[in-house]
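Remarks on the structure that follows.
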Amino acid sequence: MGSLKAVLKHPDDFYPLFKLKMAAKAAEKQIPSEPHWGFCYSMLHKVSRSFALVIQQLNPELRDAVCIFYLVLRALDTVEDDTSIAADIKVPILVAFHQHIYDRDWHFACGTKEYKVLMDQFHHVSTAFLELSKSYQEAIEDITMRMGAGMAKFICKEVETIDDYDEYCHYVAGLVGLGLSKLFYASGTEILFPDPLSNSMGLFLQKTNIIRDYLEDINEIPKSRMFWPREIWSKYVNKLEDLKYEENSKKAVQCLNDMVTNALIHIEDCLKYMSDLRDPAIFKFCAIPQIMAIGTLALCYNNIEVFRGVVKMRRDVYGAFYEFSSMLKSKVEMHDPNAKTTISRIEAAQKICRDSGTLTNRRSYILKSEPSYSPALIALVFIILAILYAYVSANRPNKIKLTL
C-alpha cells in the first residue's frame, strides 16, 4: 500500500520503476535453478532489496559473481556488526574469513533475522562461490582477506582522527569499490580502474551511511557504535552522544555539516570513475547508489532531524548530482565554520557536471512538498497499476519473488 501511495503522489516515478521491475522480472528467468543459487538470490533480496534490483541488470556471469561477492562481504559485516560477540572470538573469525568461503561446511551462528539465516546456511554461498571462475574467486578472496584484517584492526581501535576515519571506511567500503572494479575487469567489460577512484566510490557511500545512521549507531544495544571521528566531533561537544541532546542542537548541526563537507571530497573521483565506464548496465549499477548518496547528503545537511530520527530519500547522473549539490549549497550558512570549504567542494563538483554538457532539459530530482495532480491523472495511474499487477501476477515465477 505504501508503494501505491508513493506512485500516486509522485507519478513521474512510475515509468522508471516499471522499467526496473520488468528488467528484474526478465533477469529472474536467467537465474540458475540449483538450490544454492536460489538461496543466494533470495537472500540477496532479503538483505538488500535495492541492490537485488540493480544487480539484475548485469550480464548473468558478472551478476552471479557480484551477488556472491556481496553476500560474502555481508556475512563478514554481520560478524563485525554483532556487538554480542566477544573480541577474542570475533577477531580470529574476521581474519580467517577469506579461508572459510572455500569450506562448504563452514557456518557461524550470529546476527539476527535474515542475517542469522545467511550465517546459518552459509554453505549455500560457499557452494556457489566455488562454481565461479578462478579470476572471480581470486578477486573475492583478496578483498575478503583485506577487509577482514581491517575490520579486526578496528575492533580494538577507536576512530580518532580523520585519517582513521578514511582508513576504516577504506576497509569496510573502499575495498568493495576495489573489488567491484576487479570483477568488472575480470568480466572483460571494463578497464581496471585506479585504486584511488575505486576507493572513493566506496568511501562516498560509506560516509553517507555513517552520517545518516548517527542515531541508530549511537543507540545500538548492548554497545554504541561510534564511527564519527573524534577529530571532527570534539570541536563541537565533549562526547559523541551529546550531539543527540536538544540543548546541543546548534553545535550538532555544525558538526553534521562538517561531516558532510568531509564526504564531499570524494565526488570528483566518483564522477571521473562513472564517466569512464563503458558498459551501460555497469554504469547504471554504479550510478544509482551514488545518486542516492548525494541526495541523502543534501537532505542531511543542516538538518537537525539526523539527530532525532532517520533521514531517507526516494529514487542522467550529472543532472542528479548537480541538482542535489545545488540544494546542498543553498543550505550553507556562511557563519558555519566549514562553510567556505563546503562551498568550494560543491562548486568543484558542479563544474564537472556543467562541463559534461548534459544539464540542458534535465528533470527535477528534488521532491517538492505536497504536489497536486488531477483526478484524471490519478485515475490513469490506477488503471496502469491494475494492468501492471495483472501482468506481474500472470508471469510470477515460483522460485524468487522480488517486490519494489
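The values are calculated or read from the model by the stated rules, or taken from the named source; none is laboratory data. The shown structure was predicted, so the numbers you read here are calculated from the model rather than taken from an experiment. Cβ: placed from backbone, ideal geometry, glycine included. Neighbour counts: every protein chain shown. For the accessible areas, the whole protein counts, side chains as well, though only heavy atoms, and no ligand, DNA or RNA atoms are used. Shrake-Rupley method; radii C 1.70, N 1.55, O 1.52, S 1.80 Å.
Structure notes:
- Pairs of alpha carbons in the stretch 184-359 whose separation is greater than 22 Å (percent): 45
- Sorted peptide list for 99-110, 191-202, criterion being average Cβ within 10 angstrom, highest first: 191-202, 99-110
- Subtracting the Cα-Cα distance of residue 220 and residue 250 from their residue separation scaled by 0.36 nm leaves 8.4 nm.
- Calculated FRET value between residue 308 and residue 191, using beta carbons and R₀ = 56 Å, to 0.05: 0.80
- Spherically averaged projected area of the convex hull of Cα atoms, the stretch 123-162: 4.0 nm².
- Mean projected area (nm²) of the alpha-carbon convex hull when the stretch 48-116 is viewed from all directions: 5.3
- Computed over the stretch 39-181, the percent of Cα pairs more than 28 Å apart is 14.
- Take each peptide in 256-267, 343-354, count the other Cβ atoms within 10 Å of every residue, and average; sorted highest first, the result is 256-267, 343-354.
- Report note on the peptides 126-137, 290-301: ranked by the mean count of other C-beta atoms within 10 Å, highest first, their order is 290-301, 126-137.
- Per residue accessible area of the stretch 244-297, 1.4 Å probe, in Å²: 38
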